[in-house]
Amino acid sequence: MTTDRALKDYEQEIVDYVESDGCFVTGVFDPEGDESNFSYSVGFPKSLGQSEVIVFGLTHSLMQQMISAIWKACNDGARLSEGAKFSGILDGFDVVTRLVDVKRIVPEFFNSAMWFHRREFGTEMAEAYQIVWPGAKQGLFPWEPGCDPYVIECQPALYEANLHG
């Protein structure tokens, strides 16, 4: 489902990337450094028939590589699901996908993906997964006891219900 209005340059870039590569990665950063950097996919539902993904707290280039590696794994037959472990995405560590709480699928985190979904399918985006990485020192995920507070702070838990909204 597409609209008749002319696309803006950045919208056309997204459409072209999804058409040619299966996925576009949007990187978001806070110039003041108060919030975690994050990157999210645009195009997983169209190219893979699976949900978009988001990852927080690492460099944009590393997060882009992680999203691309998840896309490749899914293209090779892997399925995104709550608690799914993926190896070979982050050097030396597994990552886990967590289902994003539907109330956290908002423009603040998924703006271009939400636009693309409405454009392609005529519906609102209703599902996404967060790629969660463990701390390098202990190998613990944010929900595990003893996890480094920095690892927890870098990765807002979109998979938990938003208590303020």
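Any read-out appearing in this document is the output of simple, stated calculations on the displayed coordinates, not a laboratory observation. Predicted model, so just to flag it, every value in this text is computed and none were measured. Don't worry about glycine lacking a Cβ; one is built from the backbone with ideal geometry, like all the others, and counts go over all protein chains shown.
Give the Cα extents of the stretch 9-154 along the principal axes, in whole Å, largest first.
Taking the Cα atoms of the stretch 9-154, the three principal extents are 44, 38, 27 Å.
Apply the Karplus curve 6.51 cos²θ - 1.76 cosθ + 1.60, θ = phi - 60°, to the phi angles in the stretch 59-67 and return the couplings in whole Hz, x for Gly and Pro.
5, 4, 5, 5, 5, 5, 4, 5, 5
Just grab the label-to-label distance for S61 and E127, each label 7 Å out from Cα along the Cβ direction, in nm (one decimal).
It works out to 3.5 nm between the two label points.
List the chymotrypsin sites (Phe, Trp or Tyr not before Pro) within the stretch 1-46 that DSSP assigns to loop and that have no more than 12 neighbouring Cβ atoms inside 10 Å. Can you show the working numbers first?
On the way: sites: Y10, Y17, F24, F29, F38, Y40; in loops: F29.
Qualifying residues, ordered by number: none.
Between Y17 and A161, what length in nm is gained on full extension when 0.36 nm per residue of separation is reduced by their alpha carbon distance?
On the way: separation 144, 0.36 × 144 = 51.84 nm, distance 3.22 nm.
The Y17-A161 span can extend by a further 48.6 nm.
Describe numerically, in nm with one decimal, the distance between label points set 7 Å from Cα along Cα→Cβ at A78 and at E144.
That separation, rounded to one decimal, is 1.7 nm.
Sketch the reach of a paramagnetic label on L7 as a point 7 Å from Cα along Cα-to-Cβ, and name the residues of the stretch 105-130 whose backbone nitrogen lies under 17 Å away.
111-123
Restricted to Cα positions, what overall size does the stretch 83-125 have along the principal axes? Three whole-Å values, descending.
Result, largest extent first: 39, 20, 17 Å.
About the Cα centre of the chain, how large is the charge dipole given +1 on each Lys and Arg Cβ and -1 on each Asp and Glu Cβ? Please answer in debye to the nearest 20.
420 debye
Along the Cα-to-C-beta direction of K137, a point sits 7 Å from the Cα; which residues of the stretch 56-79 have their amide N less than 14 Å from that point?
Counting only backbone N, you get no residues.
Any chance you could run the full-extension gain for N111 through K85? It's 0.36 nm times the residue separation minus the Cα-Cα distance, nm to one decimal.
Details: separation 26, 0.36 × 26 = 9.36 nm, distance 2.63 nm.
Between N111 and K85, full extension yields 6.7 nm more.
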